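Readers should treat all values here as calculations from the given coordinates under stated rules, not as data from a laboratory. Quantities reported herein were computed from a predicted structural model and do not represent experimental measurements. Backbone-built Cβ (ideal geometry, glycine too); neighbour counts: all protein chains shown.
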């Protein structure tokens with residue numbers, strides 16, 4: 001789980017502020033694509049948004065050859081979701 005710059009999200013009729021993101025690889029074909037599940041949290045136990053994103057092409061090549069693939073995946077995921085890691 002990584003900290004993100006605060007983002008306001010509409011959740012069950014009210015605005016809440018998410019400050020954490022968690023990403024998990026749910027599928028990696030080890031050739032040219034990986035799917036990640038993400039969740040945005042208000043705190044470590046309160047998910048306010050979630051979904052899946054797919055990495056492919058040049059992004060996947062960089063990810064699979066990165067010396068720190070976890071950090072690369074978080075940076076990539078945050079960029080795809082228009083979020084900023086802090």
- Item | Matching label, P(r) over Cα pairs in 5 Å bins from 0, in percent computed from the structure shown, candidates (i) 3, 14, 16, 16, 13, 11, 9, 8, 5, 3, 2, 0; (ii) 3, 15, 26, 23, 15, 10, 6, 2, 0; (iii) 3, 17, 30, 27, 16, 6, 2, 0 | (ii)
- Message: Between 59, 32, 68, where does the largest GNM mean-square fluctuation fall for the chain, given springs only between Cα atoms within less than 10 Å?
- Response: 68
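Given the rule -39500 (n - 2.57) for each run of at least 4 DSSP H residues, summed and divided by the residues of the chain, what is its mean residue ellipticity at 222 nm, to the nearest 500 deg cm²/dmol?
Values: 2 runs with 21 residues, N = 86.
So the calculated ellipticity at 222 nm is -7500 deg cm²/dmol.
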- Message: What distance in nm separates the two pseudo spin-label positions at residue 56 and residue 31, each 7 Å out from Cα along the beta-carbon direction?
- Response: 1.2
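Let me have the relative contact order for the chain, percent, based on Cα pairs under 8 Å that are six or more residues apart. If you can, show how the numbers build up before the last one.
On the way: 142 pairs, mean separation 22.3, N = 86.
Averaging sequence separation for qualifying contacts and normalising by length gives 26 percent for the chain.
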